[in-house]
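Have a look at the structure below, then the notes.
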Amino acid sequence: VSSHRLRSVDTRSESISSSLSILPPMENRPPSSSSNTSFTRVYRIRSNPRPFTIDTSRAKSNQPVVSLCARKIGFTEYPSARDDNKACDIYWHNVVYSDIRNVVGTASSRVNKFPGMTELAKKISLTHSITSMQRIFPHEYSFYPKSWFLPAHLNQFRAYCEEEERRREEEGSDRKGWFIVKPDEGAQGTGIYLINNPSQLKNEQQRMLVQEYVADPFLMADQLKFDFRVYGVIKSLNPLSIYVAREGMARFCTEKYSPPTSSNFDNLYSHLTNYSLNKGHGAYVHSTNLQDQVKGSKRLLSTVFHQLESRGLKTKKLWHDIKLIIVKTVLAMLPEVMLHYEHHFHDAPGPQCFQIMGFDIMVRENGEPILLEVNAAPSLTIDHLMGGVTDGDYVPVYRVRSVVDEVIKIPLVRDTLLLVLNLLEEEYNTKGVSSSSSSQRESTQDDMGTLKTRRKPHLSEIFPTRYGHCSGHLLFLDKAVYLFMQFVNLKQTVNITITGIRQLIKKCNLSNIVTIDEVEEKMKEINYYFTGDHNTYSNGLCFHAFLMFFTGFQSGNLRSKRIHWRDFND
C-alpha cells in the first residue's frame, strides 16, 4: 500500500508541475501583490530527511495531502501509528478525538485541532461570539450580517421585520428585505432557504440561524454570484499567533444572479455558492488545468483578484480588510477556545494545538467584504468525484484530480507543517540549495514575469506582527475569561453555574448590579436567549451568556445595569 501511495504521489507531482508551468503569470498573481513561488517549490522532493515525525493514522480524508507534504519536506510519516510507543512531533487528526489526551502523549507534541473548535465555529456559536463583540465594539464588527437565533430570538426577529416594514411604507419603498435561514447543524448548503417574512419560516421551533441576506454582491461580466474561501492558521494560543494563506479559493454559482424576488428566491443555484450544491448542475465548469480555471466554477483567489482589479475594485484594500476580518473573528472566538483547552487538559500539560480554518467571505457591490461563515475543518481533498446519476442515467463514480485544489491546499498544508515546527523561515531563507532546486528557482517567474530572487512562504503572519497594533485592544475579553475561570469548575464543565455566579457577586461586591435573589430568574432568561431551552439553566451559562449577565440584558421584566470590567475588584 505504501509503495502504491508513493508512486501515486510522484505521478501527481509531475502532473501538477506541468500544469503550473503553463499558467499565464498574471492569472496566478496572489492577492496584495504576494509571491506565489511556493507553489512551484512545494513539489521538489527534499533529498535529506529532517529528524521530525508525523502520525497520520487518524487523518482519514486529510491523509493524501498530508502524506504528500510530509514526504516532500523530509518528515518521517507513521500512517498506522508508531509501534515503539514513542511520541511523534505532529499528530494530524480529521476531528477532535475524545482520547486525545492518551494519543498525544507529550506536551511538546503538536496536534492540528483545538478542543471544542468544531462546536465554536458552528453558525449559532459563532454568532454569539461575534454578537458579544458587536455590543462592545459595534463599529469593529460591522462585517457580520445582522443575525437572530431561533427559536429564542423569534420575537425580536418579528419586531425587526415589522419595524422595517413601517420604515419602507414611510419612505414609499416597495423593496423588501430578504433573509437567509440556516440550520445550525447544516453543512454543504443543506436545509438553507430564503424568506422575506417570518411567516415563511418552515419550522419556528427548529434550532436555526436567520441572517440578513447579502442581496448586493459584487458581480463580474458573467453575472454569477461568488464568494471566497480564505484559509487562516492559528499557530498557537499563548502567545496568540495567526497566519493567513496567500492563496485561496473562489466558488461561483451556476446560474446568473438576480436580486431575490417572490419568483426566484427558491433558485438556490443562483443564490448559494456551495460546491456540494452546484457541482451537480449542468453548467458547473470543472477545470482540468490552471488556464481553464480562469472561467471555471472554482477559481484561484488570485485569479479572481486580478479579474476584480480589471473591473476597478481596489484589491489591496479588499485583502487588507479580509485579513482584519480573520483577526477579529479569531479574537471573538478566543475566550471559549481557551476555556475548552483548559477544560480538556485541566489536570496535565496539554499538547501544542494548531488549526487550519476556512473563512467564507462575500464581497458587496461597493467592495466591502462580509463574513458569512467559519469552517473549523475545511476540506483538504485535492481531487473530486465525477459520475453518479446524471439526467436519470447512472455513470460509474470515479475520482478526478483538481488542479485548483492542489495549488491551494498542498502549499497550505506543507507550510503549516513547517510553521508549527518553526521551520518556515529556515526553509525559505536557505542559501545552500542543490543545483536542481537552483535551476528550478531561476526558471520560476513572479507576477510580472520577472525572475524571482527570493521566495516567500505561502503563509503570512497577520497577528500580532501585522495587525496587532490596530486590533490588540480587542483582546478585552481575554481578561474577562480569566475572571470567568476563577468561578468555574473546569474539571467538569466550561459553564458557570448559579453557585459560581453568586460567589462572584459576593467576592466582587456586585450586589448593586444584581441581587442574589435575582440571580436564578436572570439566569433562566439569559440561558433561553442563548440555548432556546427553558429547562437547562441549571447546567450553567456559557462565557458569552455570562458576559450578557453582567454587561447589560433586557428581556421580560429584567433590566440590568451595564458595567465595565474595571468595576470589578481585584
Self-check item: Close pairs from the range 294-316: first within 12 Å of F252 (Cα to Cα) and open to solvent by less than 60 Å² (accessible area, probe 1.4 Å), partner modelled with pLDDT of 95 or more and acidic (D, E), Cβ under 9 Å, at least 6 apart
Solution: K298/D405; L300/E247; L301/E247
Exercise. Being touching a residue at least 60 places away in the same chain (Cβ under 8 Å) and of a type in the set (S, T, N, Q) is the filter; apply it to the range 206-237 and report the residue that is surrounded by the fewest Cβ atoms within 10 Å (Cβ to Cβ).
Key: S236
Quiz prompt | Which listed residue is farther than 30 Å from V181 by Cβ and surrounded by fewer than 15 Cβ atoms within 10 Å (Cβ to Cβ), from H320, H346 | solution = H346
Quiz item: Mind checking whether some residue in the range 294-304 is in a loop (DSSP other than H, G, I, E, B) and farther than 30 Å from I195 by Cβ?
Solution: yes
Quiz item: How many of the residues in the range 47-70 are in contact with a strand residue (DSSP E or B) (Cβ under 7 Å, 6 or more places away or on another chain) and not in a loop (DSSP other than H, G, I, E, B)?
Solution: 11
Practice problem: Select from the range 396-428 the residues that are open to solvent by less than 60 Å² (accessible area, probe 1.4 Å) and over 25 Å from the mean Cα position of the chain (by Cα) and write down the one among them that is modelled with the lowest pLDDT. | Solution: V400
Exercise. Considering every residue within the range 104-124, establish whether at least one is among the aliphatic types (A, V, I, L, M), modelled with pLDDT of 95 or more and farther than 30 Å from M362 by Cβ.
Key: yes
Practice problem: Output the number of the condition that K146 fails; it satisfies all remaining conditions of (1) touching a residue at least 12 places away in the same chain (Cβ under 8 Å); (2) of a type in the set (D, E, K, R); (3) out of contact with any strand residue (DSSP E or B) (no Cβ under 6 Å at 6 or more places or on another chain); (4) farther than 24 Å from A480 by Cα. | Solution: (3)
Quiz prompt | Unique match (being hydroxyl-bearing (S, T, Y), farther than 21 Å from I370 by Cβ and either crowded, with 20+ Cβ neighbours inside 10 Å or more than 20 Å from the chain's Cα centre (by Cα) (or both)) among S173, S125, S129 | solution = S173
Quiz item: Here are some residues: G387, G358. Which one is touching a Phe, Trp or Tyr at 6+ places or on another chain (Cβ under 7 Å) and modelled with pLDDT of 95 or more?
Solution: G358
Self-check item: Condition check for P138: within 19 Å of the chain's Cα centre (by Cα) and open to solvent by less than 80 Å² (accessible area, probe 1.4 Å)
Solution: no
Self-check item: Residue ID - nearest to K202 (Cα to Cα), chosen from residues in the range 157-179 that are in contact with a Phe, Trp or Tyr (Cβ under 6 Å, 6 or more places away or on another chain) and free of Cβ contacts under 8 Å to residues at least 60 places away in the same chain
Solution: F179
Practice problem: Output the residues belonging to the range 312-334 that are assigned to a helix (DSSP H, G or I) and either among the small types (G, A, S) or modelled with pLDDT under 95 (or both). | Solution: A332
Quiz item: From the list R246, R251, which one is in contact with a His (Cβ under 6 Å, 6 or more places away or on another chain), open to solvent by less than 60 Å² (accessible area, probe 1.4 Å) and closer than 30 Å to L459 by Cα?
Solution: R246
Exercise. Select from the range 516-570 the residues that are in a helix (DSSP H, G or I) and exposed (fewer than 13 other Cβ atoms within 10 Å of the Cβ) and write down the one among them that is modelled with the lowest pLDDT.
Key: R566
Self-check item: Exclusive hit being under 24 Å from Y428 (Cα atoms) and either touching an Asp or Glu at 6+ places or on another chain (Cβ under 6 Å) or open to solvent by 40 Å² or more (accessible area, probe 1.4 Å) (or both), set R71, R82, R101
Solution: R71
Quiz item: Has the range 89-96 got any residue that is out of contact with any Ser or Thr (no Cβ under 8 Å at 6 or more places or on another chain), modelled with pLDDT of 90 or more and either open to solvent by less than 10 Å² (accessible area, probe 1.4 Å) or within 30 Å of E185 (Cβ to Cβ) (or both)?
Solution: yes
Practice problem: Would you be able to tell me the number of residues in the range 241-277 that are in contact with a Phe, Trp or Tyr (Cβ under 6 Å, 6 or more places away or on another chain) and not in a loop (DSSP other than H, G, I, E, B)? | Solution: 6
Quiz item: Which of the residues spanning the range 141-170 are open to solvent by 70 Å² or more (accessible area, probe 1.4 Å) and of a type in the set (S, T, Y)?
Solution: S142
Quiz item: Just checking, how many residues over the range 476-515 are in a loop (DSSP other than H, G, I, E, B), within 30 Å of T329 (Cβ to Cβ) and open to solvent by 40 Å² or more (accessible area, probe 1.4 Å)?
Solution: 5
Quiz item: Given the structure, is I462 farther than 30 Å from K323 by Cα and not polar (S, T, N, Q)?
Solution: no
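The values are calculated or read from the model by the stated rules, or taken from the named source; none is laboratory data. For clarity, every value in this text was computed on a predicted model and none was experimentally measured. All Cβ positions, even for glycine, are placed from backbone atoms using ideal geometry, and neighbour counts span all protein chains on display. Keep in mind that these areas ignore ligands, DNA and RNA; they rest on the heavy atoms of the full protein, side chains included. Shrake-Rupley method; radii C 1.70, N 1.55, O 1.52, S 1.80 Å.
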